[in-house]
């Protein structure tokens, strides 16, 4: 009886999965942060380095938390270098300047400082012939080491001998805060806090040997920090996102043929058959064909037509997936329209 019940539950799932296939496509998503198209020259500034009395406080803090010498300094330099490199690779700006010799006051101690004054921002931009600043406002690493012990058997000439093995786990928290300053509009167009964790593990016959295996973390911290800078610069880029869309493969012989055409990348041929089936007398077939036409138009980048077909599959034929697909497409279109409007207004 249990086997019969199990078969009853599994059969609908198999039938459901067998009437669909999927396609991957790349869709363009607008940037998280909009930067005016009129801005051609930008600077990248490291403001996280402590100065004056704050520097003394930071040195004491580093000693108490077990940070290696100059780890925060080297990590912050790697972060701004990563931001500079990503902006250069993008090719969006004509000039990207790494402002290594510009010193600005910072409270240090892992605190997000108050925003720079616009007089100071304008002075830096004027002196360096740039229009906008990407600023690493704060950078801090915090260290935590956990020790544990466990008994293990070690092979010796006398046989297996139980021994105490020491384990050390070092967690380094990398915190950074960023801002983008646009002096032309006196606007901080972005403020963002980022956090990454680096976990290192080691073991040995005593705590000292276990800890020695963790010494090489500095290069790993610098590498992660460099990636943090790259990631921050990506906030102004439109990104191609790989997405998966399902479509219906069955309903009648024409739907099956269309699927085979899609499987060999003949999407025009598949679309030709699907469009004909949208007038099929069988409601389920017509609804599935409407849904598939929505997928075709999204592949072609025509979101208006995609929304129209997806909506029709639900409203006219009660294909429930069409409702969710319509919502997804409308959200995509709203983001794309927002980006288009921004650029049509000159990036303002």
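One residue stands out among those in region 255-271 that are surrounded by 15 or more Cβ atoms within 10 Å (Cβ to Cβ) and without any contact (Cβ under 8 Å) to a residue 24 or more places away in the chain: the one that is farthest from residue 303 (Cα to Cα), which is 261.
Which one of 299, 307 is part of a helix (DSSP H, G or I), in contact with a strand residue (DSSP E or B) (Cβ under 6 Å, 6 or more places away or on another chain) and closer than 24 Å to residue 240 by Cβ? From the options 299, 307, the qualifying one is 299.
Only residues that are within 22 Å of residue 192 (Cα to Cα), touching a strand residue (DSSP E or B) at 6+ places or on another chain (Cβ under 6 Å) and assigned to a helix (DSSP H, G or I) were counted across region 104-131, and they come to 1.
Residue 246 meets the conditions (1) farther than 16 Å from residue 298 by Cα; (2) in a strand (DSSP E or B) in every case but one. The failed one is (1). Here the strands (runs of 3 or more DSSP E) wholly within region 1-103 that include at least 3 residues being surrounded by 12 or more Cβ atoms within 10 Å (Cβ to Cβ) and at pLDDT 90 or above are 41-46, 95-98. Taken as a whole, the structure places residue 333 among residues that are assigned to a helix (DSSP H, G or I), surrounded by fewer than 18 Cβ atoms within 10 Å (Cβ to Cβ), in contact with a helix residue (DSSP H, G or I) (Cβ under 8 Å, 6 or more places away or on another chain) and modelled with pLDDT under 95. Every listed requirement among (1) surrounded by 19 or more Cβ atoms within 10 Å (Cβ to Cβ); (2) free of Cβ contacts under 8 Å to residues at least 60 places away in the same chain is met by residue 295 save one, (2). Do you know which residues across region 276-292 are touching a helix residue (DSSP H, G or I) at 6+ places or on another chain (Cβ under 6 Å) and either assigned to a helix (DSSP H, G or I) or surrounded by 24 or more Cβ atoms within 10 Å (Cβ to Cβ) (or both)? Matches in region 276-292: 277, 285, 287, 289, 290, 291, 292.
The values are calculated or read from the model by the stated rules, or taken from the named source; none is laboratory data. Treat the numbers as computed from the prediction; the structure is a model and nothing was measured. Cβ atoms come from the backbone with ideal geometry, glycine included; neighbour counts cover every protein chain shown.
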